[in-house]
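Everything on this sheet refers to the single structure shown next.
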Amino acid sequence: MDAAWATLGAVVLLVLLLLAARLLHRRRSPPSPDAAVSLLAVAGSGGHTTEILRLLGSLSQAYSPRHYVLADSDKMSEEKIRSFEQNRAKIFPSSLFTLHRVPRSREVRQSWSSSVLTTLRSLFYSFPLAFRLQPDLVLCNGPGTCVPICISAFLLKMLGLKRLTIVYVESICRVENLSLTGKILYHFSDHFIVQWPALKEKYPKSVYLGRIV
């Protein structure tokens with residue numbers, strides 16, 4: 001019960017921060033078409049980070065800086081990201097990136113009831129981070145950490161605090177059904193990309209591009 005009240009208090013505080021930010025924010029002029037694109041990419045344990053890095057490897061140097069967000073309990077992604085960026089810097093010496101951690105929204109086999117509380121807790125950390133980084137593009141591909149980050153980005157848009165685009169790429173291993181993260185972010189993303197035609201048939205908003213990772 002104490003945890004529930006603490007989470008409720010955190011949500012109320014977050015709402016107040018949203019309102020304050022909305023009142024203090026000055027609308028910015030539209031970015032130039034030739035301007036650099038600030039990218040926020042969500043990494044995840046297992047194959048998610050490998051797939052997201054493959055996607056980033058196909059992007060030009062215009063996508064900079066790249067801000068990586070990963071769960072605080074993710075022990076493997078940071079090494080992969082640093083290795084990727086070191087190799088990229090050999091081609092683009094001016095390449096910039098940052099690493100950020102937020103509380104994991106849901107652990108494997110965690111109960112649904114407790115997942116609500118941990119996701120709200122993660123959201124409480126994710127929104128100030130998204131507001132501070134001010135990304136132009138949010139790119140993610142399935143880890144649970146995507147949910148609070150993308151909802152935070154969605155709130156930035158809805159409150160008129162930042163013009164940005166949310167792109168979700170469903171994992172290649174999802175052939176006939178979306179992941180839980182995909183089912184949630186199907187309603188929040190600007191572009192929802194699937195890699196199998198069966199998913200396009202079930203989810204008409206999605207974009208089928210074939211295999212891209």
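Of note:
- Protection proxy ranking, highest mean first, for peptides 190-198, 142-150: 142-150, 190-198, where packing is the per-residue count of other beta-carbon atoms within 10 Å, averaged.
- Residues with amide H under 5 Å from that of Leu99, placed H, sequence gap 5 or more: Tyr68
- Under 5 Å between amide hydrogens, built in the peptide plane, is the criterion, and for Thr165 it picks out Leu137, Val138 among residues at least 5 positions away or on other chains.
- Sequence of Glu78, Glu51, Glu85, Glu201 once ranked by neighbouring C-beta atoms within 10 Å, starting from the fewest: Glu201, Glu78, Glu85, Glu51
- Note on Lys200 and Asn177: their simple-model spin labels are 2.3 nm apart, each label 7 Å out from Cα toward Cβ.
- Fully extending the segment from Val207 to Ala89, taken as 0.36 nm per residue of separation minus the present Cα-Cα distance, adds 39.3 nm.
- Arg82-Met158 FRET efficiency (beta carbon distance; Förster radius 30 Å; 0.05 resolution): 0.30
- Ranked list, fewest to most other Cβ atoms within 10 Å of each Cβ, for Arg101, Arg121: Arg101, Arg121
- The order of Ser95, Ser189, going from fewest to most other C-beta atoms within 10 Å of their C-beta, is Ser95, Ser189.
- Separation of the alpha carbons by more than 29 angstrom is noted, of Lys90/Lys157; Lys75/Lys183; Lys75/Lys157, for Lys90/Lys157; Lys75/Lys157.
Bear in mind that the values in this text are calculations on the coordinates, not laboratory data. Only a predicted model underlies this, so the values are computations on that prediction, with no experimental measurement involved. So basically every Cβ, Gly included, is an ideal-geometry build from the backbone, and we count neighbours across all protein chains shown.
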